[in-house]
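The values are calculated or read from the model by the stated rules, or taken from the named source; none is laboratory data. Note that this is a predicted model, so its numbers are computed, not measured. Every residue, glycine as well, gets a Cβ built from its backbone with ideal geometry; the counts of neighbours run over all protein chains shown.
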Amino acid sequence: MDLPSRALSIRQPWADAIVYGEKRVENRGWAPPSTAIGAPLLVHASQHPIPGALPATMTAAWPGTLGAIIGTVQLTGVHRATGGCCAPWGEPDAWHWELTQPRPLPDPIPCPGRLRLWTPPPQVLQQLAHATPTASAASVPYHDAHTPYIRAVAKALAALGVAVHDWDTMPDDPRTAHITLDTGPATAAYGDADVGLLWSEESGWAIAWDTRESGRYEALADLGDDVLPTPQTLAELTRDALTTRPAPLHGRWATYRDFGDNDNFEDRLTTYHD
């Protein structure tokens, strides 16, 4: 895995917004050296977050790691803010660092941060050198690319005590998946209904249940608004939804992206590949 050696410390939730979200510009009061343009960059999540900087509905789906290197990006350019450019992330009177190709590290590497661009200590660089590589999106069969993620979610559910009966992925356009939960004490809030989880690469996750003896789901409720929350986050959202049954949606399931979008979704999926 070809990792960069220079890091930039960014406070949460902005670090997660870059690595796991859609933030593609970092605001700084100074421009990076010309040698940094076009090079990869380590994203370090600072120890001290900014509470309430982003809506909880957005940040709930992100890990919120503090005091660690959490991923990498490519620094492709820099420009001065002009005329409200780079909305909604760009700030006025700032240098906008242009970022692409965000890739989360499989396991964050704890270390203290520093001001401006900095080089991690040798022991951290050694850990980075042995980090599990993130697969290239282009090397993974497109219609199978979501299977490792769904498998990781099923494992996270089981680890949290949510019994999984079965799971399956569908090679549709958009790609989808279904996890059937075992009925029992954990699903008591749903009575005799069958309960499951539905996933779509356009809509993310929903908990679903049948309200009639129809043999199919008749009601569903969104589980967050991130199409690709971490398995741990999704497991926690599911546990909460099993404790208190949410109000079912009225109307269509929300859509947050299109399966044909040219975004970082494929890179995020490959984080879960072996």
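When the range 172-185 is filtered for residues that are crowded, with 21+ Cβ neighbours inside 10 Å and touching a Phe, Trp or Tyr at 6+ places or on another chain (Cβ under 6 Å), the ones remaining, listed by number, are Ala177, Ile179.
Residues checked against (1) surrounded by fewer than 13 Cβ atoms within 10 Å (Cβ to Cβ); (2) assigned to a loop (DSSP other than H, G, I, E, B); (3) outside the structural domain of Thr57 (by TED's automatic domain parsing); (4) in contact (Cβ under 8 Å) with a residue 12 or more places away in the chain:
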| position | (1), (2), (3), (4) |
| --- | --- |
| Thr187 | no, no, yes, yes |
| Asp192 | yes, yes, yes, no |
| Gly196 | no, no, yes, yes |
| Asp226 | no, yes, yes, yes |
| Arg239 | no, no, yes, yes |
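Assessment of the range 146-160 against the conditions (without any contact (Cβ under 8 Å) to a residue 60 or more places away in the chain, crowded, with 19+ Cβ neighbours inside 10 Å, closer than 26 Å to Phe259 by Cβ and among the β-branched types (Val, Ile, Thr)) yields at least one matching residue. Looking at Trp205, is it at pLDDT 90 or above, in contact with a His (Cβ under 8 Å, 6 or more places away or on another chain) and either outside any loop (DSSP other than H, G, I, E, B) or over 30 Å from Pro110 (Cα atoms) (or both)? So Trp205 fails the test.
Quick check: is even one residue across the range 21-32 of a type outside the set (D, E, K, R), in contact with a helix residue (DSSP H, G or I) (Cβ under 9 Å, 6 or more places away or on another chain) and within 16 Å of Leu105 (Cα to Cα)? Within the range 21-32 (the criterion being of a type outside the set (D, E, K, R), in contact with a helix residue (DSSP H, G or I) (Cβ under 9 Å, 6 or more places away or on another chain) and within 16 Å of Leu105 (Cα to Cα)), the answer is yes, since at least one residue qualifies.
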